[in-house]
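Novice: Next up is a structure, given as structure tokens.
The values are calculated or read from the model by the stated rules, or taken from the named source; none is laboratory data. All figures in this text were calculated on a predicted structure; none of them were measured in a lab. A quick note on method: Cβ atoms are made from the backbone with ideal geometry, for glycine too, and the neighbour counts reach across all protein chains shown. What goes into the accessible areas is simple: the full protein's heavy atoms, side chains included, and nothing from ligands, DNA or RNA. Shrake-Rupley method; radii C 1.70, N 1.55, O 1.52, S 1.80 Å.
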Amino acid sequence: METKFNQPIPHKRRLHLRPGWQDRLPIRPILLIAGIAALLTLMILINQPRSRVLNSAEMEMVRSTGVLRIGVDDGVLGLFQNGAGLEADIGKAIGEAIFDDTDGVSFVPCTRYTALWRMDDGYIDLALLSMQSFGNDNYASGTIPFYTEDCVLMGYEERPLAHLKVAVLDGTAAETIAYRLLDQEEPEMVVVPCADYYSMFVKLRAGSVDTVCMPRTAALGHRERGMVLYAEPVGTVSYYAIAPTGSVLLELCDELFGTWNGDGTMETWQRENGLIE
């Protein structure tokens, strides 16, 4: 007699997969979903640093003032002139990243000589300049340039570099380039450091130097009747964001500049401002 105690133990049916079952899987939708998930993950990872910087205490302090003050060298062709130029476009975009609009950006005229003490005195938060030598550790430049251009020679006639007296702005990238040219190629060339562009051109007009060495935009902005640019550049000069060492503004600018350099935004601004063809 069969009871519940002596019933046979039922055997579970084994699952037998049909041949070719892999071919019937929806591979394309699976790969599409995986790709979208990977892309979203990458976007999150990319945006995390910017989110951290924008939510930092220092950035909240900038927002509390309602204004980001950016130092620019006013009057430089294509970079900043009468409120327009590449640096104006960049400054407004930085302001939009911080404030969600461009109304919170103020541009303050300065030079490489006045930018640091203006930061010391609280007149500016950030500067956009060709400057990487500061004389102390209180200030630093970013690591990603927003613009790089030729460094050129300019005079009343193009002459061989041997024995030339070349005026340069003291402490600039152009001075570094001129001394490198002296050390490596033209040992008989004479480099004449000057305190400002005014002094450089006084010497050039008087004939006490034969040529000036400077970034192309500066040369075009200062060129007078009869002056010619030498055909071959002697090096390149790059422009960076400058702020107090450790400032999150430098980190933000590096990230923004990297993005804009990569997606073509910076190139578009440069073309619109006549810096590239």
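Novice: What number of residues within the range 235-277 are more than 28 Å from Arg52 (Cα to Cα), touching a strand residue (DSSP E or B) at 6+ places or on another chain (Cβ under 6 Å) and open to solvent by 30 Å² or more (accessible area, probe 1.4 Å)?
Specialist: Qualifying residue count for the region: 1.
Novice: Quick check on the range 226-239. Is at least one of its residues part of a helix (DSSP H, G or I), farther than 30 Å from Asn138 by Cβ, at pLDDT 95 or above and among the β-branched types (Val, Ile, Thr)? Talk me through it step by step, then tell me what you get.
Specialist: Step one: filter the range 226-239 for residues part of a helix (DSSP H, G or I), giving none.
No.
Novice: Which of the residues that make up the range 170-216 are in contact with a His (Cβ under 8 Å, 6 or more places away or on another chain) and more than 14 Å from Gly155 (Cβ to Cβ)?
Specialist: Glu188, Tyr197
Novice: Scan the range 178-209 for residues that are more than 17 Å from His222 (Cβ to Cβ) and of a type in the set (A, V, I, L, M, F, W, C) and jot them down.
Specialist: Those that are more than 17 Å from His222 (Cβ to Cβ) and of a type in the set (A, V, I, L, M, F, W, C): Leu181, Leu182, Met189, Val190, Val191.
Novice: Now for a separate question. Take the range 114-138 and flag every residue that is touching a residue at least 24 places away in the same chain (Cβ under 8 Å) and open to solvent by 80 Å² or more (accessible area, probe 1.4 Å).
Specialist: Within the range 114-138, Tyr123, Gln132, Asp137, Asn138 qualify.
Novice: Moving to a separate point now. Among the residues of the range 87-137, write down those that are at pLDDT 90 or above, in a loop (DSSP other than H, G, I, E, B) and closer than 15 Å to Ala241 by Cα.
Specialist: Within the range 87-137, Cys110, Ile124, Asp125 meet the criteria.
Novice: Restrict the check to the range 169-186 and report whether at least one residue is surrounded by fewer than 16 Cβ atoms within 10 Å (Cβ to Cβ) and in contact with a helix residue (DSSP H, G or I) (Cβ under 6 Å, 6 or more places away or on another chain).
Specialist: No; the residues of the range 169-186 include none that is surrounded by fewer than 16 Cβ atoms within 10 Å (Cβ to Cβ) and in contact with a helix residue (DSSP H, G or I) (Cβ under 6 Å, 6 or more places away or on another chain).
Novice: Taking the range 197-227 as the search range and keeping residues that are more than 14 Å from Cys151 (Cα to Cα) and among the hydrophobic types (A, V, I, L, M, F, W, C), which one is surrounded by the fewest Cβ atoms within 10 Å (Cβ to Cβ)?
Specialist: Result: Ala206.
Conditions (1) out of contact with any Gly (no Cβ under 9 Å at 6 or more places or on another chain); (2) free of Cβ contacts under 8 Å to residues at least 24 places away in the same chain; (3) basic (Lys, Arg), marked per residue:
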| position | (1), (2), (3) |
| --- | --- |
| Tyr179 | yes, yes, no |
| Pro187 | yes, yes, no |
| Ser208 | yes, no, no |
| Leu220 | no, no, no |
| Tyr230 | no, no, no |
| Ser238 | yes, no, no |
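Novice: Being of a type outside the set (D, E, K, R) and within 29 Å of Arg271 (Cβ to Cβ) is the filter here; which residues of the range 140-167 pass it? If you could, list the steps in order and put the result at the bottom.
Specialist: The first filter runs over the range 140-167 and keeps only residues of a type outside the set (D, E, K, R), leaving 140-148, 151-156, 160-164, 166-167.
Passing the criteria: Ser141, Gly142, Thr143, Ile144, Pro145, Phe146, Tyr147, Thr148, Cys151, Val152, Leu153, Met154.
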